[in-house]
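Values in this text are rule-based calculations from the coordinates and carry no lab data. Note that the coordinates shown come from a computational prediction; the quantities given were computed from them, not determined experimentally. Note that each Cβ is placed from the backbone with ideal geometry, even for glycine, and that neighbours are counted across all protein chains shown.
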């Protein structure tokens, strides 16, 4: 990392320990105080364009290649869009197994986010040297937590592999259902591993909850502001991750829209394109980009839901919701919500696999294309994921629109960076403390830039500070 | 048991040489456990910790394409960490998390290109038998001590 404070802008590039590659610029006003901050996404791959002309049945396998972290989410949203093009209801067992795999994906991705990427900040401190503030530093200082985190992620990945055939880039979910049923041996293996995973989730929650008072400052400054929230719920308002309907609430907890299917929700959402980023900025059209900014992902899902729907997670959900009279607004609490979702996911996997119907071999509804447009969705680890396909009469795609969770948090991430910069930036110096907190603020959202720009690669961070004339007055480069 | 962690991305030209060598080592009938991931992750530390010895196989740059090099490895005190870990980082995790220090080597096959969707280059494809022999030479053999 290097810092230059010669003349006038602040850039953080690359942002490390997030998925992809990004730059942050911080813009000062005439008074030298922070006026605005921008989270730039610099990679571009163009999945939507090169999928045109392919058959929609290929899309679950193709789009699972968008990302190596959440391939399951893309596969499932794509299969859901395919179901709608076929105009079929998939067999109950197929839906049950898709739900299990999606929850396993949420567990493994949240474990990666919390234990590998974020817990070094929480356990070692924001001012710890970057060389130590990573999973290796965590292993040296807190080996039991690191061991448990690794085992928890393994649980999720193994469950995915046992059901879908591969940990990443599986081709298991297809339009109409899934192409393989679950064996009793695989089910038993997953169920046998659940108690240890649940114990890890509970122990981690106990530790995190106890540590919350020491993170009070971060909870107030890491993206604490009013926005809308969107997430999937069951018909009775419980937490759901697949096959449910969407709910949108405002910052006071009032319902804005409820029980929307993917097509109904998609109509409500607009997208703003900025010249300085490949990441689009979705918003609720009726309210415009400012008032209509919304958050998705674990924090949003726990804010829109009335309960989780499983016993242990509901106990923790009650504690989580007691943080605020209305929705929990601090983006720092994405971490807390992530841990609760891990616990929920594990409990729900147990419930879904305890039912003997999970072993049925009736897992695929067969049909030809019956519609020309299909919009599918899943709750990816980072939030709601839409796949919107239009096809010709032969089922060949004429347009593809992937609305990604990280993109839907874009407006909120920009606000979070601005808030953090206002709290920690001293214009006369660019220091590690600022850089670390800006990074940690972004990391709370767990952005996946491979998904949101459909880009390849990993993501390190550059921060630049710009003066009122746009001149760069400081720069920190995490790659150096 | 010897663990062969032969990693790389088969969709990126010569980066796929690790998994290819791993598969062919398994096909020799050698008494080894072969794992062929796209990249190294913290989860692999547990497998490394359970092994008597570890042989990483990977593509490399910096020498003539097709050159095969064997290097002894140790846990490294400070390693830069992004998503994918280095062999030394995996050894560090195995040491810190499981108090395991298995002897370890890496067999590197120097690459010509990492072009998306391209097959192995001719030089790297021709090097595969030598890479397999380099792995087999590291296996426990009577009256033979692997190079350190």
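Taking each residue in A:147-154, count the Cβ atoms of any other chain within 10 Å of its Cβ, then average. What number comes out? Write down the numbers at each step before the final one.
Numbers: counts 7, 0, 1, 8, 2, 0, 3, 4.
If you average over the peptide's residues, the count of other-chain Cβ atoms is 3.
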>> Quick check on chain B: helices-only [θ] at 222 nm, where DSSP H runs of length 4 and up contribute -39,500 (n - 2.57) each and the sum goes over total residues. Nearest 500, please.
In response: -9500 deg cm²/dmol
> Want the number for residue A:322 to residue A:287: 0.36 nm per residue separation, take away the alpha-carbon distance, what's left?
Replying inline: 9.7 nm
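Using Cβ contacts closer than 10 Å as the measure, can you line up A:49, A:280, A:422, A:23 from fewest to most? Numbers along the way, then the final one.
On the way: A:49 11, A:280 18, A:422 15, A:23 23.
Fewest-to-most Cβ neighbours within 10 Å comes out as A:49, A:422, A:280, A:23.
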>> Modelling each spin label as a point 7 Å along the Cα-to-Cβ direction, I'd like the residue A:87/residue A:206 distance in nm, to one decimal.
In response: 5.6 nm
> Put a dot 7 Å past each Cα toward the Cβ at residue A:394 and residue A:469; how far apart are the dots in nm?
Replying inline: 6.0 nm
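Restricting to Cα pairs below 8 Å that are 6+ residues apart, what does the relative contact order work out to for region A:130-224? Please round to a whole percent.
Values: 38 pairs, mean separation 20.3, N = 95.
Reported as a whole number, the value is 21 percent.
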> For A:167, A:319, A:382, what's the fewest-to-most ordering of other Cβ within 10 Å of each Cβ?
Replying inline: A:319, A:167, A:382
> Between region B:18-45 and region A:272-298, what is the C-alpha centre distance in whole Å?
Replying inline: 44 Å
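Given 0.36 nm per residue, what is the gain on full extension from residue A:315 to residue A:401 after removing their alpha carbon distance, in nm?
Details: separation 86, 0.36 × 86 = 30.96 nm, distance 3.84 nm.
Between residue A:315 and residue A:401, full extension yields 27.1 nm more.
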> What order do you get for A:342-348, A:184-190 when each peptide is scored by the mean count of other beta carbon atoms within 10 Å, highest first?
Replying inline: A:342-348, A:184-190
> Exposure proxy check: B:38, A:246 ranked by fewest other beta carbons within 10 Å?
Replying inline: B:38, A:246
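Calculate the mean, over all residues of peptide B:86-98, of how many other protein chain Cβ atoms lie within 10 angstrom of the residue's Cβ. Working shown, then result.
Values: counts 0, 0, 1, 4, 1, 0, 4, 9, 1, 2, 9, 9, 3.
Taking the mean over all residues of the peptide, I get 3.
How crowded by other chains is A:163-170, given as the mean number of beta carbons from other chains within 10 Å of each beta carbon?
Numbers: counts 0, 0, 0, 0, 3, 2, 2, 0.
Partner-chain Cβ atoms within 10 Å, mean over residues of A:163-170: 1.
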> Which angle from 0 to 90°, rounded to the nearest 10, does the C-alpha axis of helix A:184-211 make with the longest principal axis of chain A?
Replying inline: 30 degrees
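At 222 nm, what value in deg cm²/dmol follows for chain A if DSSP H runs of at least 4 each add -39500 (n - 2.57) and the sum is divided by all its residues, to the nearest 500?
Details: 18 runs with 200 residues, N = 480.
After summing the helix terms and dividing by residue count, I get -12500 deg cm²/dmol.
Show me B:7-14, A:139-146 ranked by packing, highest mean number of other Cβ atoms within 10 Å first.
Details: B:7-14: 20.5, A:139-146: 18.2.
The peptides rank, most packed first, as B:7-14, A:139-146.
Between residue A:254 and residue A:234, what's the calculated FRET efficiency when r is the beta-carbon distance and R0 is 25 Å? Round to 0.05. Present the calculation step by step, with values, prior to reporting the outcome.
On the way: r = 20 Å, r/R0 = 0.80.
Using R0 = 25 Å, I get an efficiency of 0.80.
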> Can you give the angle from 0 to 90° between the axis of helix A:143-164 and the longest principal axis of chain A, with both taken from C-alpha atoms, to the nearest 10?
Replying inline: 40 degrees
>> I'd like the distance separating the alpha-carbon centroids of region A:187-222 and region A:361-402, in whole Å.
In response: 35 Å
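Return the FRET efficiency for the residue pair residue A:144, residue B:76: r is the Cβ-Cβ distance, R0 is 25 Å, and the value is rounded to the nearest 0.05.
So the FRET efficiency works out to roughly 0.65.
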>> Could you check the spin-label model distance between residue B:33 and residue A:31? Points 7 Å from the Cα along Cα→Cβ, value in nm.
In response: 6.3 nm
> Can you give the Rg and Dmax of region A:46-169 based on its C-alpha atoms, in angstrom?
Replying inline: 18.1, 55
> At a Förster radius of 60 Å, what calculated FRET efficiency corresponds to the Cβ-Cβ distance of residue A:351 and residue A:49, to the nearest 0.05?
Replying inline: 0.90
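Would you kindly calculate the translational diffusion coefficient of chain A, applying Stokes-Einstein with the Kirkwood radius from alpha carbon pairs, for 4 °C and a viscosity of 1.567 mPa s, and quote it in µm² s⁻¹ without decimals?
Details: Rh = 22.4 Å.
My calculation gives 58 µm²/s for D.
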> What angle, in degrees between 0 and 90 and rounded to the nearest 10, separates the Cα long axis of helix A:311-321 from the longest principal axis of the Cα atoms of chain A?
Replying inline: 30 degrees
> Which whole-number percentage describes the relative contact order of region B:2-137, with Cα contacts under 8 Å and a sequence gap of 6 or more?
Replying inline: 34 percent
> Which Rg and Dmax, in Å, describe the Cα atoms of region A:225-330?
Replying inline: 14.2, 47
>> Pairs of alpha-carbon atoms within less than 8 angstrom and 6+ residues apart define the contacts here; what relative contact order does chain A have, in percent?
In response: 34 percent
